[in-house]
Amino acid sequence: MAGRIDTHHHVVPPEYAKWLRTKGQLAGGLPIPEWSPTSALELMDRHRIDTAVLSVSTPGTHLGDGSDAAAMARLVNDYASAVVSDLPGRFGFFATLPLPDVDAALVELARALDELHADGVVLLANHRGVYLGDPVFDPVFDELQRRKAVVFIHPSTLPGLAPVDGIPPFVADFLLDTTRAAVNLCRSGTIERCPDVPMILSHAGGFVPYAAMRLSSAASPTGNAVDGLELLSRFYFDTALSGSPYALPSLLSFARPGHVLFGTDWPYAPDAAVAAFTGLYEKYLLDEDQRASIDRNAAASLLPRARG
(Lines give C-alpha, C1' and ligand atoms only; values in the text may rest on other atoms or scores of the structure.)
Protein backbone atom coordinates (compact mmCIF):
# COMPACT_ATOMS: atom_id res chain seq x y z
CA MET A 1 0.00 0.00 0.00
CA ALA A 2 1.37 3.41 -0.95
CA GLY A 3 2.21 5.67 1.98
CA ARG A 4 0.93 9.07 2.92
CA ILE A 5 1.82 12.48 1.54
CA ASP A 6 2.35 15.04 4.30
CA THR A 7 1.56 18.48 2.90
CA HIS A 8 2.19 20.31 6.18
CA HIS A 9 5.77 19.53 7.15
CA HIS A 10 8.14 22.32 8.11
CA VAL A 11 11.77 22.60 7.14
CA VAL A 12 14.13 24.59 9.38
CA PRO A 13 17.42 25.14 7.56
CA PRO A 14 20.29 25.53 10.06
CA GLU A 15 21.31 29.00 8.85
CA TYR A 16 17.70 30.14 8.91
CA ALA A 17 17.25 28.81 12.46
CA LYS A 18 20.43 30.59 13.58
CA TRP A 19 19.25 33.82 11.95
CA LEU A 20 15.87 33.68 13.69
CA ARG A 21 17.36 32.88 17.07
CA THR A 22 19.89 35.71 16.74
CA LYS A 23 16.97 38.07 16.19
CA GLY A 24 15.04 36.67 19.15
CA GLN A 25 12.26 35.28 16.97
CA LEU A 26 9.70 32.67 17.94
CA ALA A 27 7.21 30.88 15.73
CA GLY A 28 3.76 31.64 17.08
CA GLY A 29 5.11 31.48 20.61
CA LEU A 30 7.14 28.34 19.98
CA PRO A 31 10.94 28.14 20.01
CA ILE A 32 12.63 27.46 16.69
CA PRO A 33 13.16 23.67 16.55
CA GLU A 34 15.94 21.60 15.08
CA TRP A 35 15.35 19.84 11.75
CA SER A 36 17.36 17.39 9.72
CA PRO A 37 16.58 15.02 6.86
CA THR A 38 17.45 12.08 9.11
CA SER A 39 15.06 13.05 11.91
CA ALA A 40 12.36 13.88 9.36
CA LEU A 41 12.66 10.49 7.69
CA GLU A 42 12.47 8.75 11.05
CA LEU A 43 9.23 10.57 11.85
CA MET A 44 7.87 9.87 8.38
CA ASP A 45 8.62 6.17 8.56
CA ARG A 46 6.89 5.88 11.94
CA HIS A 47 3.69 7.27 10.44
CA ARG A 48 3.76 5.65 7.00
CA ILE A 49 4.56 8.90 5.20
CA ASP A 50 6.20 8.37 1.83
CA THR A 51 6.62 12.04 0.93
CA ALA A 52 6.72 15.25 2.96
CA VAL A 53 6.27 18.61 1.26
CA LEU A 54 8.61 21.02 3.02
CA SER A 55 7.68 24.60 3.90
CA VAL A 56 8.96 27.34 6.15
CA SER A 57 6.67 28.36 9.00
CA THR A 58 5.98 31.77 10.49
CA PRO A 59 7.67 34.29 10.78
CA GLY A 60 8.86 33.61 7.23
CA THR A 61 11.80 35.70 6.04
CA HIS A 62 10.54 39.28 6.25
CA LEU A 63 11.05 40.46 9.82
CA GLY A 64 10.34 44.15 9.42
CA ASP A 65 12.80 46.26 7.47
CA GLY A 66 13.11 43.66 4.72
CA SER A 67 16.81 44.29 4.22
CA ASP A 68 17.74 40.61 4.17
CA ALA A 69 14.35 39.03 3.43
CA ALA A 70 15.07 38.25 -0.21
CA ALA A 71 18.48 36.76 0.56
CA MET A 72 17.05 34.60 3.32
CA ALA A 73 14.18 33.42 1.10
CA ARG A 74 16.75 32.41 -1.47
CA LEU A 75 18.77 30.57 1.18
CA VAL A 76 15.85 28.55 2.53
CA ASN A 77 14.58 27.70 -0.94
CA ASP A 78 18.02 26.55 -2.04
CA TYR A 79 18.29 24.39 1.09
CA ALA A 80 14.88 22.79 0.55
CA SER A 81 15.64 22.20 -3.11
CA ALA A 82 18.89 20.46 -2.19
CA VAL A 83 17.07 18.16 0.25
CA VAL A 84 14.59 17.25 -2.48
CA SER A 85 17.43 16.56 -4.93
CA ASP A 86 19.29 14.41 -2.41
CA LEU A 87 16.21 12.38 -1.48
CA PRO A 88 13.95 12.27 -4.54
CA GLY A 89 10.53 10.86 -3.83
CA ARG A 90 10.76 11.46 -0.08
CA PHE A 91 10.47 15.25 -0.19
CA GLY A 92 8.95 18.08 -2.17
CA PHE A 93 8.82 21.74 -1.19
CA PHE A 94 6.73 24.88 -1.22
CA ALA A 95 8.91 27.90 -1.91
CA THR A 96 9.11 30.84 0.49
CA LEU A 97 8.54 34.35 -0.89
CA PRO A 98 9.80 37.53 0.84
CA LEU A 99 6.39 39.18 1.09
CA PRO A 100 5.19 41.85 1.65
CA ASP A 101 7.92 42.97 -0.78
CA VAL A 102 5.95 42.21 -3.95
CA ASP A 103 8.75 42.95 -6.41
CA ALA A 104 11.21 40.71 -4.58
CA ALA A 105 8.53 38.04 -4.20
CA LEU A 106 7.92 37.94 -7.95
CA VAL A 107 11.63 37.52 -8.61
CA GLU A 108 11.92 34.65 -6.13
CA LEU A 109 8.69 33.08 -7.37
CA ALA A 110 10.08 32.84 -10.89
CA ARG A 111 13.42 31.49 -9.69
CA ALA A 112 11.87 28.93 -7.35
CA LEU A 113 9.43 27.53 -9.91
CA ASP A 114 11.61 27.76 -13.03
CA GLU A 115 15.04 26.85 -11.64
CA LEU A 116 14.37 24.95 -8.41
CA HIS A 117 11.14 23.32 -9.60
CA ALA A 118 9.26 23.96 -6.36
CA ASP A 119 5.90 22.24 -5.96
CA GLY A 120 4.21 25.56 -5.20
CA VAL A 121 4.61 28.37 -2.69
CA VAL A 122 3.89 28.91 0.98
CA LEU A 123 2.26 32.21 1.95
CA LEU A 124 1.51 33.47 5.44
CA ALA A 125 -2.12 34.37 6.09
CA ASN A 126 -0.92 37.90 6.79
CA HIS A 127 2.42 39.44 5.90
CA ARG A 128 3.39 42.21 8.30
CA GLY A 129 -0.31 42.88 8.95
CA VAL A 130 -1.46 42.80 5.31
CA TYR A 131 -3.82 39.89 4.65
CA LEU A 132 -3.90 37.72 1.58
CA GLY A 133 -6.59 39.09 -0.69
CA ASP A 134 -5.40 42.67 -0.24
CA PRO A 135 -5.02 44.34 -3.67
CA VAL A 136 -1.33 44.97 -2.97
CA PHE A 137 -0.76 41.23 -3.49
CA ASP A 138 -2.70 41.06 -6.77
CA PRO A 139 0.48 40.90 -8.94
CA VAL A 140 1.64 37.83 -7.02
CA PHE A 141 -1.70 36.05 -7.34
CA ASP A 142 -1.97 36.99 -11.00
CA GLU A 143 1.40 35.34 -11.60
CA LEU A 144 0.38 32.30 -9.56
CA GLN A 145 -2.75 32.04 -11.71
CA ARG A 146 -0.69 32.31 -14.89
CA ARG A 147 1.44 29.43 -13.65
CA LYS A 148 -1.44 27.47 -12.08
CA ALA A 149 0.72 27.10 -8.97
CA VAL A 150 -0.34 25.50 -5.69
CA VAL A 151 -0.45 27.81 -2.65
CA PHE A 152 -0.08 26.55 0.91
CA ILE A 153 -1.45 29.12 3.37
CA HIS A 154 0.06 29.06 6.85
CA PRO A 155 -1.08 31.18 9.81
CA SER A 156 1.01 33.82 11.49
CA THR A 157 0.73 36.14 14.47
CA LEU A 158 -2.40 38.28 14.54
CA PRO A 159 -1.46 41.87 13.63
CA GLY A 160 -1.74 44.52 16.28
CA LEU A 161 -2.81 42.16 19.05
CA ALA A 162 -0.66 41.05 21.93
CA PRO A 163 -0.99 37.38 22.90
CA VAL A 164 -3.11 36.58 25.93
CA ASP A 165 -0.95 35.58 28.89
CA GLY A 166 -0.69 31.82 28.96
CA ILE A 167 -2.21 31.36 25.49
CA PRO A 168 0.55 31.47 22.88
CA PRO A 169 -0.51 32.46 19.35
CA PHE A 170 -0.30 28.94 17.92
CA VAL A 171 -3.04 27.72 20.27
CA ALA A 172 -5.96 29.87 19.07
CA ASP A 173 -4.77 32.98 17.22
CA PHE A 174 -3.45 30.89 14.33
CA LEU A 175 -6.95 29.55 13.68
CA LEU A 176 -8.41 33.04 13.47
CA ASP A 177 -5.56 34.23 11.26
CA THR A 178 -6.25 31.46 8.74
CA THR A 179 -9.98 32.20 8.84
CA ARG A 180 -9.41 35.91 8.21
CA ALA A 181 -7.24 35.15 5.19
CA ALA A 182 -9.77 32.71 3.75
CA VAL A 183 -12.64 35.18 4.03
CA ASN A 184 -10.55 38.00 2.60
CA LEU A 185 -9.41 35.91 -0.36
CA CYS A 186 -13.06 35.22 -1.14
CA ARG A 187 -14.56 38.65 -0.55
CA SER A 188 -11.81 40.41 -2.48
CA GLY A 189 -12.51 38.35 -5.59
CA THR A 190 -9.04 36.81 -5.52
CA ILE A 191 -10.21 33.21 -5.39
CA GLU A 192 -12.56 33.80 -8.34
CA ARG A 193 -9.87 35.62 -10.30
CA CYS A 194 -7.47 32.72 -9.71
CA PRO A 195 -9.54 29.59 -10.42
CA ASP A 196 -6.47 27.56 -11.34
CA VAL A 197 -4.61 28.23 -8.08
CA PRO A 198 -5.36 25.47 -5.55
CA MET A 199 -5.16 27.05 -2.09
CA ILE A 200 -4.54 24.81 0.94
CA LEU A 201 -5.63 26.10 4.35
CA SER A 202 -3.65 24.84 7.35
CA HIS A 203 -5.14 23.12 10.38
CA ALA A 204 -8.50 22.22 8.82
CA GLY A 205 -9.01 25.82 7.76
CA GLY A 206 -9.06 27.36 11.21
CA PHE A 207 -12.72 28.09 11.93
CA VAL A 208 -13.86 27.94 8.30
CA PRO A 209 -15.69 24.59 8.22
CA TYR A 210 -17.27 25.01 11.66
CA ALA A 211 -18.34 28.62 11.09
CA ALA A 212 -18.94 28.54 7.33
CA MET A 213 -22.57 29.64 7.55
CA ARG A 214 -21.67 32.55 9.80
CA LEU A 215 -18.82 33.58 7.49
CA SER A 216 -20.66 33.10 4.23
CA SER A 217 -22.13 36.58 3.63
CA ALA A 218 -18.85 38.29 4.47
CA ALA A 219 -17.01 35.87 2.17
CA SER A 220 -19.06 36.91 -0.86
CA PRO A 221 -18.07 40.03 -2.83
CA THR A 222 -21.80 40.78 -3.15
CA GLY A 223 -22.82 39.73 0.35
CA ASN A 224 -24.69 36.68 -0.94
CA ALA A 225 -24.45 33.86 1.58
CA VAL A 226 -24.94 31.08 -0.98
CA ASP A 227 -22.14 32.47 -3.13
CA GLY A 228 -19.95 32.88 -0.05
CA LEU A 229 -20.36 29.23 0.91
CA GLU A 230 -19.47 28.15 -2.60
CA LEU A 231 -16.33 30.26 -2.58
CA LEU A 232 -15.22 28.98 0.82
CA SER A 233 -15.72 25.40 -0.34
CA ARG A 234 -13.11 25.89 -3.09
CA PHE A 235 -10.27 25.73 -0.57
CA TYR A 236 -8.29 22.63 0.25
CA PHE A 237 -7.70 21.78 3.92
CA ASP A 238 -5.01 19.83 5.76
CA THR A 239 -5.45 17.69 8.86
CA ALA A 240 -2.43 18.99 10.79
CA LEU A 241 -3.32 18.99 14.52
CA SER A 242 -6.93 18.45 13.42
CA GLY A 243 -7.34 14.70 13.12
CA SER A 244 -9.61 14.50 16.14
CA PRO A 245 -13.19 13.20 16.52
CA TYR A 246 -14.21 16.81 17.21
CA ALA A 247 -12.65 18.57 14.20
CA LEU A 248 -13.03 15.89 11.53
CA PRO A 249 -16.87 15.77 11.43
CA SER A 250 -17.10 19.48 10.66
CA LEU A 251 -14.22 19.40 8.18
CA LEU A 252 -15.47 16.37 6.27
CA SER A 253 -19.05 17.61 6.13
CA PHE A 254 -17.94 20.93 4.63
CA ALA A 255 -14.95 20.19 2.40
CA ARG A 256 -15.48 19.04 -1.15
CA PRO A 257 -14.51 15.45 -1.96
CA GLY A 258 -10.79 15.32 -2.65
CA HIS A 259 -10.11 18.59 -0.84
CA VAL A 260 -8.75 17.20 2.46
CA LEU A 261 -5.01 16.46 2.71
CA PHE A 262 -2.95 14.72 5.37
CA GLY A 263 -0.62 16.94 7.45
CA THR A 264 1.47 16.73 10.61
CA ASP A 265 2.96 20.20 11.32
CA TRP A 266 6.21 18.54 12.38
CA PRO A 267 8.63 19.60 13.94
CA TYR A 268 6.71 22.55 15.44
CA ALA A 269 4.23 19.89 16.46
CA PRO A 270 6.54 17.56 18.41
CA ASP A 271 6.66 13.82 17.96
CA ALA A 272 4.11 13.17 20.72
CA ALA A 273 1.56 15.56 19.20
CA VAL A 274 2.00 14.07 15.74
CA ALA A 275 1.52 10.59 17.17
CA ALA A 276 -1.55 11.61 19.16
CA PHE A 277 -3.39 13.33 16.29
CA THR A 278 -2.37 10.71 13.74
CA GLY A 279 -3.59 7.99 16.07
CA LEU A 280 -6.96 9.70 16.48
CA TYR A 281 -7.23 10.15 12.73
CA GLU A 282 -6.47 6.47 12.16
CA LYS A 283 -9.23 5.46 14.59
CA TYR A 284 -11.81 7.75 12.96
CA LEU A 285 -14.31 5.79 10.88
CA LEU A 286 -13.80 6.50 7.17
CA ASP A 287 -14.52 4.44 4.11
CA GLU A 288 -11.56 3.08 2.19
CA ASP A 289 -11.76 5.56 -0.68
CA GLN A 290 -12.08 8.57 1.62
CA ARG A 291 -9.07 7.56 3.69
CA ALA A 292 -7.01 6.88 0.58
CA SER A 293 -7.92 10.34 -0.71
CA ILE A 294 -6.84 12.06 2.51
CA ASP A 295 -3.72 9.97 2.98
CA ARG A 296 -2.40 10.32 -0.54
CA ASN A 297 -4.65 10.65 -3.57
CA ALA A 298 -5.86 14.22 -3.10
CA ALA A 299 -2.31 15.50 -2.63
CA ALA A 300 -1.03 13.41 -5.52
CA SER A 301 -3.57 15.04 -7.83
CA LEU A 302 -2.25 18.49 -6.87
CA LEU A 303 1.46 17.66 -6.67
CA PRO A 304 2.57 15.37 -9.49
CA ARG A 305 6.11 14.98 -8.15
CA ALA A 306 4.75 13.62 -4.87
CA ARG A 307 3.06 10.71 -6.64
CA GLY A 308 6.40 8.96 -6.84
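The values are calculated or read from the model by the stated rules, or taken from the named source; none is laboratory data. Because the structure is predicted, anything quoted here is derived from the model rather than measured. Virtual Cβ from ideal backbone geometry, glycine too; neighbours counted across all protein chains shown. We work out accessible area using only protein heavy atoms, side chains counted, and drop any ligands, DNA or RNA first. Shrake-Rupley method; radii C 1.70, N 1.55, O 1.52, S 1.80 Å.
Worth pointing out:
- The Cα atoms of segment 77-191 cover 43, 33, 21 Å along the three principal axes, with the biggest extent listed first.
- Shape analysis of the chain places it in the rounded category; the axes a ≥ b ≥ c from the Cα gyration tensor give an a/c below 1.5.
- Ellipsoid semi-axes in whole angstrom, largest first, where each is sqrt(5λ) of the Cα gyration tensor of segment 163-238: 23, 13, 10
- Percent carbon-and-sulfur accessible area, segment 235-308, ignoring ligands, DNA and RNA, probe 1.4 Å: 58
- Surface exposure of the chain, expressed per residue as accessible area with a 1.4 Å probe, stands at 41 Å².
- A simple charge model with +1 on the Cβ of Lys and Arg, -1 on the Cβ of Asp and Glu and nothing else charged puts the dipole of the chain at about 340 debye relative to its Cα centre.
- In this Cβ point-charge picture (+1 for Lys and Arg, -1 for Asp and Glu), segment 186-244 has a dipole of about 160 debye about its Cα centre.
- From its DSSP helices (H runs of at least four residues, each -39,500 (n - 2.57)), the chain gives a residue-normalised ellipticity at 222 nm of -12500 deg cm²/dmol.
- Cα centroid separation, segment 161-239 to segment 82-136: 20 Å.
- Accessible surface of T222 - all protein chains present, 1.4 Å probe, nearest 10 Å²: 110
- The accessible surface of segment 13-171, taken with every protein chain in place and a 1.4 Å probe, is 54 percent carbon and sulfur.
- Taking a quarter of the surface of the Cα convex hull of segment 1-101 gives a mean projected area of 6.5 nm².
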